[in-house]
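> This is the structure, below, for whatever I ask next.
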Amino acid sequence: MQDKYQPATIEAAAQQHWEHTAAFRVTEDPKRPKYYCLSMFPYPSGKFHMGHVRNYTIGDALARYHRMKGFNVLQPMGWDAFGMPAENAAIQHDVPPAAWTYANIDYMRGQLKRLGFAFDWSREIATCAPSYYRWEQWLFTRLFEKGLIYKKLGTVNWDPVDETVLANEQVIDGRGWRSDALVEKREIPMYYMRITAYADELLAALDELPDWPEQVKLMQKNWIGRSEGVEVHFPYDEQSIGKAGVLKVFTTRADTLLGATYVAVAAEHPLATQAAANNPTLAAFIEECKKGGVAEADLATLEKKGVDTGLRVVHPLNGESLPVWVANYVLMGYGEGAVMAVPAHDERDFAFAGKYGLPVKTVVSSAHDAYQEVVAPWLDAYAEHGRLVNSGKYDGLDFQAAVDAIAADLDARGLGQKRVQFRLRDWGISRQRYWGCPIPMVHCDDCGDVPVPDAQLPVVLPEDVTITGRGSPLARLPSFYECSCPKCGKPARRETDTMDTFVESSWYFLRYASNDSQTAMVDARANYWAPVDQYIGGIEHAILHLLYSRFFTRAMRDCGLVSISEPFTRLLTQGMVVANGYYREDDSGKKQWFSPAEVSITTDERNRPLSATLTADGAPVTIGGMVKMSKSKNNGVDPQALIEQYGADTARLFIMFTAPPEQQLEWSDSGVEGASRFLRRVWNFGYALASEASLQVAIPAQLPAAVADVRREIHTHLKQANYDFGKHQFNTVVSAAMKILNALEKLPRSETAAQAVAAEGFSILLRLLSPITPHIAHALWQEGGFGADILDAPWPEPLDAALTQDEIELMLQINGKLRGSLRIAATASRSDIEHAALASGSAQKFMEGQPAKKIVVVPGRLVNIVV
RNA sequence: GCCGGGAUGGCGAAAUCGGUAGACGCAGCGGAUUCAAAAUCCGCCGGUGGUGACACUGUGAGGGUUCGAGUCCCUCUCCCGGCACCA
């Protein structure tokens, strides 16, 4: 046994041992409970960043812990391999996306192996492999036939110079990132997944996910956005519009209908198009609305603007004529693309009406009881519920009664009814990009859109393509798009769009269970492993990826492929890894970020940072605070360098100890040093113990008091650690392990009894650490002769015999203020405690002779005397 | 703009159901060891006052509930994540 901790040697040895014994290869075993532990698979961008290391360390700790608890554990890994970065690399470095991606995968697989994660590598998948995406294409054609995929127009960011569609990320301040051209909105035909067909189910089933973070469920609930309201039809004023018809709007505030003073439609609304034909001002405004990207965050912060169309509609209840405006805050994609505007009771309408001099009519009273009291409309909108006023026969009704009455009257006139509206929209999956899964459709002049038959799948993505950043590469490749119609055999055109990469990540967790199947997307093995028992990934995926996966699982269920409805039973959303950022601003306000390694910091006498300078030139830099580790902020720490210097166990320990998994993790070099120091102490203790202690010595029933105290302390910390492990609070599990080592070091090891307790305690410590720092635990377990492979050692449980104590300490409070403590028999009754408390010196002193009004006793914790 | 989350010593954090605020670690300071340094070990370590015992004060800000609030309620400030084509 080495006398010094040498991580490089022991980590290589442990990894070899796992490799030789195929330790993490698993098969279905109906006799044991299964535990499918899954970390979100990475995009193979080139090398791992610290966020990945954190993600996989958490997953690995849970997988190893459950294995020791007796579960049949599956922990697979793969690659989310389609995406834009490969195309960007192709443009920049003239390397084919496929070659670039596969090279990255090879390098990154090596990094994961060096970190010692317990992955079953025989199940590895890469989504860019035809063997993977052929099944995605196969499912696409099924969903198309079921009507769960359909085609319609969608709005995209269009770069008029590069003649290409841009991702929201590629639109910077309204301009294309490469061309710098002003981006426009453009409508193109796209395929959509009908996720809204599952809106109710996706919403209701959130209640059946008790082990998902409340925060994530709430975000999904709000995203789906089910609202009950009323669809209101405003009949066209035939004189101004020139034809009969109704303008439909949806509102959750039908009670305010009598306060509607105008209606607003989106720029793309048919009425807007009609009115613009002979109204140059309006046409110009609609043109202006087309400028800029489609990202909602940008649209929602635009200055609210509008133009009167000159068209008019009729109020469905009072017959008044209302103007129709085009407003940039009404979005065509939501609801009907039109809203009724009630300035008195909606902040946004109020601001808009004020700006354009539109009338404000108050119809809801702010007072709960006296409905006569009316808010002065020129002050502000009153958006709360209240009783109706100025509404004729509806006056005095409260919110619900008013909605009911108005909806009934609209229904009677055929001008509306109650209905449910979702905020959730169907999922547009067409991408005008190369490095993605080809959409398996053929367009025939005679037969229309025809799915590619099973026998012709997969539609293989050609790899001999030039990527220029202009246009869609596949659309310029006749050898790809020229084909014959599967139905009639005539010449036809293959679809050249690829799928959103979210599609691949919506079902990969099922493919791991049967990744070698050539004959089916998923087979019976998927129903053994599914659902994923524990899923771990970044909080940034709280809505899109997780919602799409939930939808996809249901769609696959309804195609008879799996029996589950929910893909992920438990969810852990890990926080970001951040580090200090330092920058300088140039005259144009552009920030230049410096690596923390290049910066010197001065501090005050309390060690608070005062200022920072660039070491190279001594001139000041701005301290930018803790920001997400990234290339652009120049503050990333390379996991590879860390592992080479300290070893994988130190990296894993630091990550798990420094912050609870769901919180942001702040990088600190000295913290890494501390983690390494602890592992050295563990090694040194194990080395000393191996030379002296006998594992055969039984722990005597009667221990010297000092030894019994240490043993109780160890088992108390173990109890705490088990509790914390159960709630995934790994930082305090590590704390408990540190406390156990501190306790062990107090043992007088010249006594045999103490040696036996030390051996017991150390075996607990190693098992507690093994999910987090598996290499050192493996080595010391083996060297110490504790038994067979620690991977399958039973998880340690605290012993009642070691935990019992005769006397306990209670806190003593007078009037809720801590004034002392009380040592008392553990079995003392409530009145014993009260008497002892009143008799204590602290009570005598602080009660100042006054009688006790009340005595609060919290068993095992405290006594509070109220005077 | 909308939805969600966070704020506790010099720093990362802990405090399980409303019950000892700051466990554990980092940094710092003092000491031991050393020719010296590294490493290691021991001690101190929220603030104010006090030699000390101790007292007062303290969990982003302001208010409230309670015998008792970091924890519950109301109002506010700042920071972070998401917003449908980054993954």
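> For the condition more than 15 Å from RNA strand B (Cβ to nearest atom), assigned to a loop (DSSP other than H, G, I, E, B) and buried (at least 20 other Cβ atoms within 10 Å of the Cβ), what is the one hit in A:Phe24, A:Phe41, A:Phe82, A:Phe48?
Testing whether each residue is more than 15 Å from RNA strand B (Cβ to nearest atom), assigned to a loop (DSSP other than H, G, I, E, B) and buried (at least 20 other Cβ atoms within 10 Å of the Cβ) leaves just A:Phe24.
> How about region A:59-110: which of its residues are out of contact with any helix residue (DSSP H, G or I) (no Cβ under 7 Å at 6 or more places or on another chain) and under 21 Å from A:His545 (Cα atoms)?
A:Gly59, A:Gly83, A:Met84, A:Pro85
> Could you please find all residues in region A:319-343 being of a type outside the set (Val, Ile, Thr), in a loop (DSSP other than H, G, I, E, B) and farther than 11 Å from A:Phe234 by Cα?
A:Asn328, A:Tyr329, A:Leu331, A:Met332, A:Gly333, A:Tyr334, A:Gly335, A:Glu336, A:Gly337
> Next question. Cβ contacts < 7 Å: first residue more than 9 Å from RNA strand B (Cβ to nearest atom), restricted to region A:296-307; second residue open to solvent by 80 Å² or more (accessible area, probe 1.4 Å), any location; separation 6+ or different chain. Result?
A:Lys304/A:Arg348; A:Val307/A:Thr281
> Identify all residues within region A:202-218 that are in contact (Cβ under 8 Å) with a residue 60 or more places away in the chain, within 18 Å of A:Pro567 (Cα to Cα) and within 16 Å of RNA strand B (Cβ to nearest atom); write none if there are none.
A:Leu202, A:Leu209, A:Asp211, A:Trp212, A:Pro213, A:Val216
> What are the residues in region A:743-775 that are under 24 Å from A:Thr57 (Cβ atoms) and within 15 Å of RNA strand B (Cβ to nearest atom), if any?
Matches in region A:743-775: A:Leu765, A:Leu768, A:Leu769, A:Ile772, A:Thr773.
> Let me ask another. Quick one: how many residues across region A:162-192 are over 30 Å from A:Arg554 (Cβ atoms) and open to solvent by less than 80 Å² (accessible area, probe 1.4 Å)?
12
> Still on this structure: If you take the residues in region A:556-578 that are within 16 Å of RNA strand B (Cβ to nearest atom) and either of a type outside the set (S, T, N, Q) or assigned to a helix (DSSP H, G or I) (or both), which one is most open to solvent (accessible area, probe 1.4 Å)?
A:Met576
> Another one. Would you mind stating whether A:Lys185 is within 16 Å of RNA strand B (Cβ to nearest atom) and assigned to a strand (DSSP E or B)?
yes
> Please return the ranges of helices (runs of 4 or more DSSP H) entirely within region A:634-718 where 2 or more residues are within 30 Å of A:Ser750 (Cα to Cα) and within 15 Å of RNA strand B (Cβ to nearest atom).
Output list reads A:669-692.
> Just checking, does region A:726-735 include any residue being within 8 Å of RNA strand B (Cβ to nearest atom), buried (at least 21 other Cβ atoms within 10 Å of the Cβ) and under 21 Å from A:Pro661 (Cβ atoms)?
Yes, because at least one residue in region A:726-735 is within 8 Å of RNA strand B (Cβ to nearest atom), buried (at least 21 other Cβ atoms within 10 Å of the Cβ) and under 21 Å from A:Pro661 (Cβ atoms).
> Looking at (1) surrounded by 15 or more Cβ atoms within 10 Å (Cβ to Cβ); (2) within 11 Å of RNA strand B (Cβ to nearest atom); (3) farther than 20 Å from A:Cys559 by Cβ, which is the only condition A:Ile195 fails?
(3)
> Where in region A:796-867 are there helices (runs of 4 or more DSSP H), lying fully within it, with 2 or more residues that are near RNA strand B (Cβ under 9 Å from one of its atoms) and farther than 30 Å from A:His715 by Cβ?
Helices (runs of 4 or more DSSP H) meeting the threshold: A:841-847.
The values are calculated or read from the model by the stated rules, or taken from the named source; none is laboratory data. Only a predicted model underlies this, so the values are computations on that prediction, with no experimental measurement involved. FYI the Cβ positions are ideal-geometry reconstructions off the backbone, even for glycines, and counts take in every protein chain you see. Calculation scope for accessible area: heavy atoms of the full protein, side chains included, ligands and nucleic acids excluded. Shrake-Rupley method; radii C 1.70, N 1.55, O 1.52, S 1.80 Å.
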